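Here is the structure we will look at, set down as structure tokens.
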Amino acid sequence: MSQPVQADEQALAQVRVLIVDDHDLFRSGLRNLLEDEGVQVVGEASAGQEALNIVREVAPDVVVMDLNMPGMGGVEATRHISTIAPRTRVVMLTISDQDNDVIDAILAGACGYLLKDSSIQELIAGIKAASQGESLISPTIASKVLQRVRASSTQPEIESTIRAELSEREIEVLKLIANGKDNAMIAGELHISPKTVKNHISNILMKLQIDNRIQAAVYAVRSGIV
């Protein structure tokens, strides 16, 4: 019984994390909590520019990023990280659930968006998902983002790109992602294995040149295909 848990802990211990927040006390508290859970914290930064310098130096797997900081904020820092270290994943950890902030962060390349009142277990799950190239965003926040995108004007030219680049099956998977389904639900609905779903999602992200499934959902909603 303990083997999967051990494997889980080992996988988590290999994830190298950078904490970015302008409050010293919050950073050191978060560092202690993460290290107690077996996470390897490779650095701390109090501002966006400092975070970029550390990312260039140590190339962490995951950056836990605050949104509002003096100087370069979390959204701008995330945008730069997506360019200079495409393999580094960013999880936003913030007090803000304002729609604009969420959308800006996700479109900048963040693959997780959690509020600071989340539990340590939720944050660990977000870090683990990010390290595996998946996205973990509070369901309420994800639905807010998609509602907001739905309410804005659609961009039909995106639909022609989707139809030109993706197979029929990939379009089906993309529509289900945009409807908030996880991999297991998609597998059940299309009668295929979760591994096949994962392969389809990898292909969708590669063909559309986007970073993660929440961006794929935003892209699909903007195109008007869902």
Filter result (within 16 Å of ALA110 (Cα to Cα) and of a type in the set (S, T, N, Q)) within segment 13-71: ASN68
Leading residue by the ranking (surrounded by the fewest Cβ atoms within 10 Å (Cβ to Cβ)) among those in segment 55-77 that are more than 15 Å from ARG89 (Cβ to Cβ) and among the hydrophobic types (A, V, I, L, M, F, W, C): MET72
Residues of segment 84-121 that turn out to be exposed (fewer than 15 other Cβ atoms within 10 Å of the Cβ) and part of a helix (DSSP H, G or I), as a count: 4
Residues being closer than 17 Å to GLN14 by Cα and either touching a Lys or Arg at 6+ places or on another chain (Cβ under 9 Å) or of a type in the set (Ser, Thr, Tyr) (or both) - total across segment 115-128: 1
Those residues of segment 16-37 which are hydrophobic (A, V, I, L, M, F, W, C) and either part of a helix (DSSP H, G or I) or not assigned by TED's automatic domain parsing to the domain that holds ALA129 (or both), in sequence order: LEU25, PHE26, LEU30, LEU33, LEU34
Residue list for segment 190-218, restricted to those being part of a helix (DSSP H, G or I), of a type in the set (S, T, N, Q) and more than 22 Å from ARG89 (Cβ to Cβ): THR196
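Rundown of residues vs (1) out of contact with any Gly (no Cβ under 6 Å at 6 or more places or on another chain); (2) at pLDDT 95 or above, yes/no style:
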position: ASN32; (1), (2): yes, yes
position: GLY43; (1), (2): yes, yes
position: ALA59; (1), (2): yes, no
position: ASP66; (1), (2): no, no
position: MET72; (1), (2): no, no
position: THR78; (1), (2): no, no
position: PRO86; (1), (2): yes, no
Pair list, Cβ under 6 Å, 6 or more apart: segment 158-170 residue at negative phi, other residue at pLDDT below 90 and in a helix (DSSP H, G or I): ILE158/ARG222; ILE158/SER223; GLU159/SER223; ILE162/SER223
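Can you give me the number of residues within segment 165-189 that are in a helix (DSSP H, G or I) and over 15 Å from ASN212 (Cβ atoms)?
Initially, segment 165-189 is screened for residues in a helix (DSSP H, G or I), giving 165, 168-178, 183-189.
If we keep only those that are over 15 Å from ASN212 (Cβ atoms) as well, we get 165, 168-172, 175-176, 184-189.
Qualifying residue count for the region: 14.
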Qualifying residue in segment 129-142 (condition: of a type outside the set (Val, Ile, Thr), in contact with a helix residue (DSSP H, G or I) (Cβ under 6 Å, 6 or more places away or on another chain), touching a residue at least 24 places away in the same chain (Cβ under 8 Å) and under 28 Å from VAL17 (Cα atoms)): yes
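Out of LYS207, LYS195, report the one residue that is surrounded by fewer than 17 Cβ atoms within 10 Å (Cβ to Cβ) and in contact (Cβ under 8 Å) with a residue 24 or more places away in the chain.
Numbers: LYS195 fails: in contact (Cβ under 8 Å) with a residue 24 or more places away in the chain.
Within the list LYS207, LYS195, the selection yields LYS207.
The values are calculated or read from the model by the stated rules, or taken from the named source; none is laboratory data. The shown structure was predicted, so the numbers you read here are calculated from the model rather than taken from an experiment. Positions of Cβ are backbone-derived with ideal geometry, glycine not excepted, and every protein chain shown enters the neighbour counts.
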